[in-house]
Amino acid sequence: MSDSPSARIVAAGNVKFTITDENGRVIAYRNLGALDRMHLLKAAGPDLAKNEPWIGNAALAFMVTEIDGVPVPMPRSVATIEALVSRLDDAGINAIAADVMAKRDAAKAADDEVG
């Protein structure tokens, strides 16, 4: 595999993380890339894209790739985003959010040590 900038971006986008929520579900997720965020905003539509609490929960759901080993397709509409948020419920959304924040905090701490 090439070590070009494009190859590194593709590889980073394919990294999956797994967490277990308080209900015991194993949830796999990945970070959203630029195109993923564009798809999210398109699916949300112009009004919901401006609604920060809604788009925040939607973005967390959009990151999900599997629940208990079963693939989760990327939502393509408000209805499918809301169905996935409902399926994840607070336990799933909170687990993903906590893991994302922990990873960001760890990365920032590592950067602070280097810089």
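Worth a mention:
- Residue list for region 58-100, given a label point 7 angstrom along the Cα-to-Cβ vector of Leu48 and an amide N cut-off under 12 Å: 58-59, 61-62, 75-86
- Cut-off 12 Å between beta-carbons: net charge of the residues surrounding Val70, Lys and Arg +1, Asp and Glu -1: 0
- For the chain, built as a Gaussian network whose Cα springs stay under 10 Å, the top-fluctuating residue of Ala83, Ala58, Ala102: Ala102
- Taking Cα atoms only, the orientation of helix 78-114 departs from the longest principal axis of the chain by about 20 degrees.
- Fully extending the segment from Asn14 to Ala107 would add 31.7 nm, taking 0.36 nm per residue of separation and subtracting the current Cα-Cα distance.
- Contact order, relative form, for the chain: 25 percent (alpha carbon pairs under 8 Å, 6 or more residues apart, mean separation divided by residue count).
- Nonlocal amide H pairs with Met74, under 5 Å, H built at 1.01 Å: none
- From phi via Karplus (6.51, -1.76, 1.60), per-residue ³J(HN,Hα) for region 23-33 in Hz, x at Gly/Pro: 8, x, 7, 8, 10, 9, 8, 9, 6, 7, x
- Computed with the Debye formula from one identical point scatterer per Cα of region 15-114, without solvent, the log10 of I(q)/I(0) at q = 0.19 Å⁻¹ comes to -0.92.
Every read-out reported here was derived from the displayed coordinates using simple, explicitly stated rules and does not represent laboratory data. Just so it is clear, the model here is predicted, and its values are computed rather than measured. Note that we place each Cβ from the backbone using ideal geometry, even for glycine, and neighbour counts take in every protein chain shown.
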